[in-house]
Amino acid sequence: MVVAAEDGTSADRLAAEGWLGGAGQLLEISQWVRDGLAADDPGPALDALAGLARQALEAGQREVCVEAEIGWLQLAMADAEADAGDALDDLAGRAREWGLPREEARIWTWRAALIEGAGEWLAAFHAHDRASQAALGGGLLNRGAASLVAMARLCRENRHPWRLQHQWVRIDTMLAGRIRELDVETRRLLADERLAAQPVLAGLPPLGRGPAGAVLNPPEASALVARPQQEIGRTRIFLSNPTVKALGGSLTATPRAGRAGSWLADESGQTLTVSPPGERGTVAATRALSLRPGETLSLYVEHLPSAADDVVTLAWQADGGKGVAATSDFFFTDAAAAAAVVSGGNLTTVPGWPVPFYHEINQRTGGVRIEDLGFKASGPCRLEIFDGDEQSLAGFPSTRLLAVDGDGDGLFTGPRDEVLSDHNGDGVPDVLVGDRSRSLEVYAWPLGATGREPLTIAARLRRPGGGPEGWRTDVEVGLRPAEKVVARKER
């Protein structure tokens, strides 16, 4: 929404004085911002900037419109009680739609600073990620590199060596061969942050080289849902562009038995619905997509209740390039527990682009249940469990951490374990499950000697009479290393 003047005074004055063109408009915006910040009453400056934004929009001057709105928000947010988060998100979205990468990157960088100031470092990380995508997609190499370095700084300052290590692989992958194109200040920023990261990264096994082309992960996903309750099977696939250039292509979904139905998109990702055999839909569905540098797109595949099991194959074909594929298996059973973890998959470790396991818990008893959660790894592994249903900022991945299992033993009694959600007070992480379904996102960070050991992670719910310690394993998922691991050195 374009901000509007509270009355017509400023807009009328601007019309009377003439509509400045080009750089003159931007200079006028800057002057109004300075005047408003210096004044006891910023009202006249706010009205003037609103009028400038409206006139720019009417004249098709989109860059000026966005700059005027940025100035308006700067003044509005000078009031410590003002919260312009939603307005900034909306403005960033319009800057992207209008093809203004410089302005979009600036907005996301500003948004990241505000979020970090509020103590939400992981959300700030994601905001800087958006800034880097906008900048690199618009050919703004120095600004994009600065955003990538800001992401690394956040990981370092918040003592998350695993995400930090992935971030440095991402930086080296995306800036490979282009370091000399950076200006002196950005190269210094890069070198200083790399040096500061070394103590935090000490002792971690090398991740290896980042991928050279698009990645679909997990390559194998699955869902097992109850037929009598008419449950929907749901999997989640991530499509990543690890290159420094925008990547265009097409994504095709082909059900083996069912029919491809609606394919919708919003700020948090895309959703493809698959119908049972014999219902309306097409044999396959294809969508043209464009991913900015470093961008990861989330795709939910939802299979409507069916009498027959099904497999949906997703195939990405880059324009003039190679293709990759992934599958989602859907199983419909007549035997169903009162509650169960119903979805999983096998992830591949992609250096620089970690994605979470996606799990859903379905409950079939009605009302609201408290479910104790347990995830146990086959080897040393840090597990971070996030609330997948959290309404995150601007469509970011969930940042609501439920628990950390520091070594993956499933006990939550160690010095590196954290339990942040425990409604029943038993010392074990849990969630409230209502409306039949609850989603979780689990990041697995291997702690093995080389980081290349495959891991199996059991997703469990606590049940009387269950296995060791009273747990029942519903789903086992795998984390597999990339096929080729080659150390990368910055030149």
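Take the Cα of residue 322, go 7 Å toward its beta carbon, and the backbone nitrogen atoms of region 226-244 under 15 Å from that spot belong to 240-243. Each of 352, 336, 211 was placed along the dipole of the chain (beta-carbon charges, centred on the mean Cα), and the one lying farthest toward the positive end is 211. Each principal axis of the Cα atoms in region 175-215 has its own extent, and those three values, largest first, are 31, 31, 12 angstrom. Start at zero, step by 10 Å, and the Cα-Cα distances of region 209-336 spread as 13, 44, 29, 11, 2 percent across the bins.
Just so you know, the averaged projected area of the alpha carbon convex hull for region 97-181 sits at 5.4 nm². Region 130-195 and region 241-285 have Cα centres spaced 32 Å apart. Site-free segments of the chain were taken between GluC sites (Glu not before Pro) in DSSP loops having at most 16 other Cβ atoms within 10 Å, sites themselves excluded; the longest one is 82-266.
If Lys and Arg each add +1 and Asp and Glu each add -1, what is the summed charge of the other residues whose beta carbon sits under 14 Å from the beta carbon of residue 196? Combined, the nearby Lys, Arg, Asp and Glu give +2.
Projecting the Cα atoms of 229, 57, 198 onto the charge dipole of the chain, computed from C-beta unit charges around the Cα centre, puts 198 farthest toward the positive end. Computed 3J(HN,Hα) for region 320-330, one whole-Hz value per residue from the Karplus formula 6.51 cos²θ - 1.76 cosθ + 1.60 where θ = phi - 60°, is x, x, 7, x, 9, 9, 8, 10, 10, 9, 10, glycine and proline marked x. Relative to the 2.2 N^0.38 Å rule of thumb, region 329-488 has a C-alpha radius of gyration ratio of 1.05. Label separation (residue 268 vs residue 181): 3.6 nm, computed from points 7 Å beyond Cα along the C-beta direction.
With a cut-off of 11 Å between beta carbons, the residues surrounding residue 271 carry a summed charge of 0, where Lys and Arg count +1 and Asp and Glu -1.
Using the Cβ of residue 142 as centre and a radius below 10 Å, the other residues enclosed give a net charge of -1, where K and R count +1 and D and E count -1. Here the convex hull built on the C-alpha positions of the chain has a volume of 181 cubic angstrom per residue.
Between the alpha-carbon centres of region 42-109 and region 318-345 there is a gap of 42 Å. Applied to region 396-411, the Karplus parametrisation 6.51 cos²θ - 1.76 cosθ + 1.60 on θ = phi - 60° returns per-residue 3J(HN,Hα) values of 5, x, 4, 10, 8, 7, 8, 6, 10, 9, x, 10, x, 7, x, 9 Hz, with x for Gly and Pro. With Cα atoms as the point set, region 9-201 shows a radius of gyration and Dmax of 18.9, 62 Å. Expressed as a fraction of 2.2 N^0.38 Å, the value expected for a compact globular protein of N residues, the C-alpha radius of gyration of region 321-371 is 1.62. Once both labels are positioned 7 Å from their Cα atoms along Cα-to-Cβ, the gap between residue 370 and residue 118 label points is 2.9 nm.
Read the figures in this text as sums done on the coordinates, not as results from a lab. Everything quoted here is computed from the prediction, not taken from an experiment. For neighbour counting, all protein chains shown are included, and Cβ atoms are generated from backbone atoms with ideal geometry for every residue, glycine included.
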